[in-house]
Amino acid sequence: FRGKIENLSQCDAEFVAYETFDGKEIPGYIFKPQKKVLGAIIISFYGGLDTFSSYYAAFCRAGFIVFSPGVRGCDGYGKEWRRLIDGDLGGYEILDLVWAAKWLEREFDLLPAQIGLEGGSHGGYSVLRGLTMPEKFNGYKSSYPFAFGISGMGFADLTDFYLNSSIQDWCIRMLGPYEKNKE
């Protein structure tokens, strides 16, 4: 790159936190465009990395906030935080994403029609789950009218994924033993 570094950057990064459905504080990184905000995309599973991504920079350049919340179960915040997802895949970490969308609405005066989800692999599953959550989950209002979802390599059938994947131990940790948890 030749020129001023200011011309290379498409967004401003900030570490933030928001309160989720059960009062837990969810940490995360938010990348705000340097021009008018047109919408937001929530990275649906945070792996604990804070690195430059030309993919996310393109969203910022297009006017989208990129929000990467460290939902329960993600890496980067200790073993206890990581273990909060054990036995609960597709549960409370998805509610954390719903509350992230509600936080974006309040903080940036956005409408649900301006907020979407994006993720790959586990994050791709989280996108699909987030788009299809029932009205209530464990007594909490869990559905949200996301405008869009981008699921890369997301698995949609947990039984098929368990039976045919090479990471059955991950499935068991996330869902419990298959024989006891078929439903």
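Per the Debye formula on identical point scatterers at the alpha carbon atoms of segment 109-183, with no solvent, log10 I(q)/I(0) at q = 0.24 Å⁻¹ is -1.13.
A Förster radius of 30 Å combined with the Cβ-Cβ distance from Lys180 to Ser121 puts the calculated FRET efficiency at roughly 0.75.
Applying a length cut-off of 15 Å (Cα extent along the axis) and a mean Kyte-Doolittle floor of 0.0 to the DSSP H helices of the chain leaves 92-108.
Restricting attention to the chain, close to 55% of DSSP beta bridges with both partner residues there are antiparallel. Calculated on C-alpha atoms, the gyration radius of segment 32-139 divided by its Kirkwood radius gives an Rg/Rh of 0.97.
Please give the FRET efficiency for Arg2 paired with Gln34, using the beta carbon to beta carbon distance and R0 = 30 Å, rounded to the nearest 0.05.
Details: r = 20 Å, r/R0 = 0.68.
The formula returns an efficiency of 0.90 here.
Computed over the chain with a Gaussian network model linking Cα atoms closer than 10 Å, the most mobile of Ser44, Ser121, Ser53 is Ser53.
Calculated FRET efficiency, Ala62 to Arg82, Cβ-Cβ distance, R0 = 30 Å: about 0.40 to the nearest 0.05. Calculated on the alpha-carbon coordinates, the convex hull of the chain measures out at 126 cubic angstrom per residue.
What pairs from Lys24/Lys79; Lys24/Lys141; Lys79/Lys136; Lys4/Lys35; Lys79/Lys102 go past 21 Å between their alpha carbons?
Lys79/Lys136; Lys79/Lys102
Per residue, how large is the accessible surface of segment 32-167? Use a 1.4 angstrom probe and give square angstrom. Can you show the working numbers first?
Working: 6560 Å² over 136 residues.
Normalised by residue count, the accessible surface of segment 32-167 is 48 Å².
Taking 0.36 nm per residue of separation and subtracting the Cα-Cα distance, full extension of the segment from Tyr140 to Gln168 would add 7.1 nm.
The values are calculated or read from the model by the stated rules, or taken from the named source; none is laboratory data. Bear in mind the structure is a predicted one, so any value in this text is a computation, not a measurement. We place every Cβ from the backbone using ideal geometry, glycine too, and count neighbours over all the protein chains shown. Side chains are part of the model used for accessible areas, which takes the heavy atoms of the whole protein and leaves out ligands, DNA and RNA. Shrake-Rupley method; radii C 1.70, N 1.55, O 1.52, S 1.80 Å.
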